[in-house]
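Where a number appears in this text, it was derived from the coordinates with a stated rule and is not lab data. All values derive from a computational prediction rather than experimental measurement. Neighbour counts run over all protein chains shown; Cβ positions are idealised from the backbone, glycine included.
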Amino acid sequence: MKKISLLIIALLMALSASAQVKVTGRVINLKNIPVADVIIKCVSEGKTLAFTSTNAQGQYTLELREMPNRAVELQFSHISYEKENVKLTLTEKTTEQDMVLTDKQVTLKEVKVQAQPIIFQGDTLSYNLASFLGKGDVTLEDGLKRLPGIDVTDNGTIKYLGKAISHFYIEGMDMLGGRYNLATQNIPAEYATQVDVMKHHKHRKIDADEESDDVALNVKLSNKAKFKPFGQPAAGIGLREDDPLYALGLTGMMFTDNFQLLGSAKGSNHGNFGSYDIIDHFGNNDISTLATDKLGKWNSARPPLGEYLYQTNAYASLNGIEKMDSDRQVRMNADYAYEDYNSSSSTNTLYFADGQNISINEENRPHTRLHRPMIEARYENNGNDRYFMDRVNMKAQFEENECPVIATDVNNQNRKATQLAISNYLASTVRMGENKLSFNSNIEFVRAPKVCLNMNSISQTGQSTTITTDHSTSFTIRLGSKWRISLPVNLTAYYNMIETSLHAPDDAILGQRLDGWVVTPWASPSTDWRSPSGKIYMSIGANLQWRNMMYRSRFDDKKTTMSELFAEPRLSFRYTFSGTSEMSFHSAIYNSVGDILDLLTTPVQTNYRTTSMASGVIGKNQVWASSLSYTYQIPFSYFTLTADAGWTQGKRNVLSSQYVDEESTSTASIFRDSHTKNANANLSISKNLLTLSTKLQFTASGSWGSSESMSQGKVVTTYGNSYSFKGQATVTPLPWMEIGANGQYSRNYTWWTGNHRTTDGENASLSLSVFPIDKIEIKGSYDFVRSQITDNQYKNFSLLSASVQYKASRAVWKLSLNNLLNTRHYRYTTFNATDRYTMDCHLIGRTIMLTCKLNLVKK
Amino acid sequence: MKKATLLISALLMTLSAMAQMPSKEKEKVDTLCQTKFTAVYQYTINTTDEKGEAVTDSARLALQVGDGIWKTWAYERYLIQVERDEELGWDKSYFMKNEALMHIATTTVGYPEGKTIILESIPPLRYEVTEDTEKPTWTIVEGSDSVCGYQCQKANGEFRGKTWNVLYTEDIPTVAGPWKLQGLPGLIAFATDEEGIHTFRLIALYQESVPITYSSGSITEKFNTESLHFEKIFVPYGKSSYEQMLKHKNNVFGNRQYLTDPQFYMTGPKQIVVTYGKDENYNFIGGLFVPAKGHKYQPLELK
């Protein structure tokens, strides 16, 4: 049986072989050299019957399954030779067909590699900046604004999906801390090749196993910007309302693997030139003292749009960081800033005053001069098993402020203030097996030696000192790989002193000196759990504070003490649907307790018509805040969506009270409970269309709230709700044209007993950039605002600006023409509970400015 | 003595870290022929990470086609070879990490004649595998599509245990294709296996004449304890047969332990440089990157 089967198979194979037709041959070129890899195709009526290719000897064998019943075409093709065709009528089982090919290079349609715009790896999104840059982009900030999911606010704050970044690194090194505008405003966009957005960022390596909601940015530079110093001198001249303008700046940088240096000095009497460069986005700019908080400087109203400050500013900044090894770094930052600015505005304030509707008209002309020196040194050892950081900071602020106010009379006001702050912050953590032990210590000395306000013939002075010591230690215990218990313990102690003195002609001097201590030991036990898949994260904990206050009024020897325990439970929950989609929920109760200023019961005059007196009762405020947020992104579709909603309700043991008449305004706090409630929701969508170089953004937000206050001795509950929609688009419809457009609509409702008010506002802006050649950008921008002033009165406002920019290989020239319509006033209305403020701000007139920024780097 | 040893170790580690970027000085390079054109492919693998979650790994490959010889390797290595380093732009060593994660080899078809040489990496060593050139068995099927602006014809074929669906273009008359896929009457512009795990897609094409090179080993610097100087020495790659390599890769990369501990199989002292900066997900061992966590191994050939 087996033999029969084998015989049948052999017969079938023989029959099959007999049906095959072979074409063989050899392919050579004109030099008689065999050609390898020539494709030989047998085609009949457009259909490929068989194909093969030549071997290294130029030989081929083409096999057809059956004899074709008509003539076939044999095609010989090769990338280096002319294509040849031969018609054959196959009658034999084996046919031989040789071929000689003629040299000819086949021309291919070239397609260039496009850099991958985004690489998505774990929690890091890496943007190839060049894929997003527009032709007119000059600085790194211009480039960052183009990236999907990233927003840069007017003062340079970088946000990713609505969250401000916690760290800004250049090549992995944090040289500038919160002063990252120095980099974003001064590093040319073309020098940055890659921007990494690191979600759930942990700056401290020892915290690698901790949860984090932080977002950090890391900028990688091209070789052009590395290993050699480069500078960016900038200069400008111009004319504004017949006054000459100037601008001068020099920035030098150097970036190597282990050392970075950035020095910058700028000065100008025009607009924002350099004034934003040394803003500290992490809040370390300002010094807050008790005396200057109480006796603050006078400003004019700020219009939402348009230049209104006549300012002269200058700064010098030197920053350096040295990486000693992969863990240890030393950083030095030193700044000096000078600002001189003045403005003017008129305000009509309509105080509800329990239905009396008292109207006050004022014109303010504030003029301020500030000097701000700062120096900081920081050492960090960021190891996997240990962390140590010590930061010493010294800063001062010297202020001079004048603000004449024209009301029914001319009121002269001037103010001088000096503030000093010295601090040392130390943080350390060590890993002990699976557990961690931390110790942090912050010691800060803040002093305002003298704050002096002169208002007509009245003089108000103040001085204050605050010494803060804050020491904490924490211990983290791991219970398995997913459970963890943390027990931070903290001791905070403040010494506060404030002294005020009010001199009014023909009146006795009214003064008070208070000093004392606040000592707060607290513990914050918490536990967190992560699911084995890492998708669910939960944390529950509570702050337990024991707040002890001991204050004494020196003039009347009155003592105020408080000793109270506060509990602040909190809950966090996060669910990660995937690497691109996440939902989180936070809920917590917060307590805040008033400070020494609540005991300042002696009148303090803060401007020519306003005095304030505290209740003498320590204010206590309890807030319950909850928020739910959802983020979704499709990196390779350049789409991001964030949605969040929040609820906050609070209770204070004091009520803000205001009494107004034609001559004066008195504010005070009354010992009576007050309540606030607020609900809000926001939605933000961003989409980039890379093929059109287009970025689209849409945001919508709505809120509802209620608050209580006292006006003319009567309690008023005010309710309000508002919503707004905003759309932004940057479109490049043609390679030589870019259009930017945005529009916003907002509407507010406010109501209280027997009264209600509705206001709405619309604004739109349009910009058009044209690039006649790649290096030249001609740009025009137009802003339009329609705002409601009173119930039936609307005001339209327009601003037109233009610029021409020329980007040469080593210089960027820019001619700016601002406020071409010479619009000099901006009127708008705002509300505070029941009172209405209608502001008329003076704007800077038509301005022309020519600037040049040079790139001093070897090409 | 201990101090001197430590110093030498530190120096060696420094040199090793400096040697992260491939360059002509670090390899013994021979020129095989000049290219007729270079095709660039986006190569993706759909797989899972150590937690079992779906991930898509992606890298770019350069196919350099010359007369009778063609070579597929990392596009970035090609950029370095043709001295277009500036185009790397990004993290210069990023592609080496992708090579490690995706087990990308250098495949040279037609050298020597009738043979294919594959340079494989199983850290900390690199191996040279020589095999007889084997073509997939192709069937041209109905259907056409356009890839990268080229009109393409559909075909499918069997190769070493996998079925491949491809698109090839007769506008580029070559039998070459990415990796070991070849033998169609036109350049293979798109190829995906039947499971949709591996995909090669043509994304760019340069008509140019640049050398196709072959490297038989690496040149490393070694500290001579007698002369107290560093000396350059040539270290040839280890040799392996196709069958041995297939088994070795399945045993190492296909092992369950590899996902959570990609160094599980290494024994003895290892010279490790932990890459620092913001990316600490890779170790640098013996001149090769090793990911801290692996992705599930998806072999291109099963038998």
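Brief remarks follow.
- Cα-centred dipole magnitude for the protein assembly as shown, charges only on beta-carbon of K, R (+1) and D, E (-1), debye, nearest 20: 1420 debye
- Relative to the longest principal axis of the Cα atoms of chain A, helix A:2-19 runs at roughly 90 degrees.
- Ordered by the number of other Cβ atoms lying within 10 Å of each residue's own Cβ, fewest first, A:ASP595, A:ASP390 fall into the sequence A:ASP390, A:ASP595.
- Cα shape, the stretch A:56-151, gyration tensor, a/c 1.5 rule: prolate
- Cα gyration tensor shape for the stretch A:425-472, rounded if a/c is under 1.5, else prolate or oblate: prolate
- Ellipticity at 222 nm from helices only: DSSP H runs of n ≥ 4 in chain A, each -39500 (n - 2.57), divided by the residue count, give -1000 deg cm²/dmol.
- Looking at chain A alone, DSSP beta bridges between its own residues are antiparallel in about 95 percent of cases.
- Remark on the stretch A:488-538: ratio of C-alpha radius of gyration to 2.2 N^0.38 Å is 2.49.
- The tail of the calculated P(r) for the stretch A:463-550, taken as Cα-Cα distances beyond 19 Å, holds 61 percent of the pairs.
- Calculated FRET efficiency, A:VAL111 to A:ASN384, Cβ-Cβ distance, R0 = 56 Å: about 0.80 to the nearest 0.05.
- Shape class of the protein assembly as shown from the Cα gyration tensor (axes a ≥ b ≥ c, square roots of the eigenvalues): prolate, since a/c reaches 1.5 or more and a/b is larger than b/c.
- Extension gain, A:THR153 back to A:LYS482 (0.36 nm per residue minus Cα-Cα distance, nm): 114.6 nm
- In this simple spin-label approximation, B:SER241 and A:LEU689 carry label points 7 Å from Cα along the Cα→Cβ vector, and these lie 6.0 nm apart.
- Euclidean distance of C-alpha centroids, the stretch A:143-161 and the stretch A:837-854, integer Å: 24 Å
- Label point at B:LYS135 placed 7 Å out along Cα→Cβ; residues across the stretch B:144-179 whose backbone nitrogen lies under 18 Å: B:153-161, B:164-179
- Label point distance in nm, B:ASN46-A:ASP213, each placed 7 Å from Cα along Cα→Cβ: 3.6 nm
- For the stretch A:57-128, the number of Lys pairs with C-alpha atoms closer than 27 Å, counting only pairs eight or more positions apart or on separate chains, is 6.
- Length gained on full extension, A:ASN342 to A:THR94, computed as 0.36 nm times the residue gap minus the Cα-Cα distance: 79.3 nm.
- Residues A:TYR837 and A:TRP546, FRET efficiency given R0 of 45 Å [Cβ-Cβ distance, rounded to 0.05]: 0.60
- When each of A:PHE230, B:PHE37 is scored by the number of other beta-carbon atoms lying within 10 Å, the sequence from fewest to most is A:PHE230, B:PHE37.
- For the cross-link pairs A:LYS323/B:LYS293; A:LYS620/A:LYS651; B:LYS71/B:LYS293; A:LYS163/B:LYS51; A:LYS416/A:LYS559; B:LYS115/B:LYS296, the ones whose C-alpha atoms lie over 20 Å apart are A:LYS323/B:LYS293; B:LYS71/B:LYS293; A:LYS163/B:LYS51; A:LYS416/A:LYS559; B:LYS115/B:LYS296.
- Inter-label distance, nm, simple model (7 Å from Cα along the C-beta direction), A:TYR749/A:VAL43: 7.4 nm
- The A:GLU762 and A:SER359 beta-carbon pair, evaluated with R₀ = 25 Å, returns a calculated FRET efficiency of approximately 0.40.
- Normalised radius of gyration (Cα atoms, divided by 2.2 N^0.38 Å) for the stretch A:118-255: 1.17.
- Extension gain from A:ASP556 to A:TYR575, taking 0.36 nm per residue of separation minus the Cα-Cα distance: 1.1 nm
- Sequence-distant aspartates and glutamates (8 or more away, or on other chains) whose Cα lies within less than 20 Å of A:LYS395: A:ASP277, A:ASP280, A:ASP286, A:ASP293, A:ASP335, A:GLU339, A:ASP340, A:GLU376, A:GLU444, A:ASP470
- Order of A:SER317, A:SER501 - criterion: other Cβ atoms within 10 Å of each residue's Cβ, fewest first: A:SER501, A:SER317
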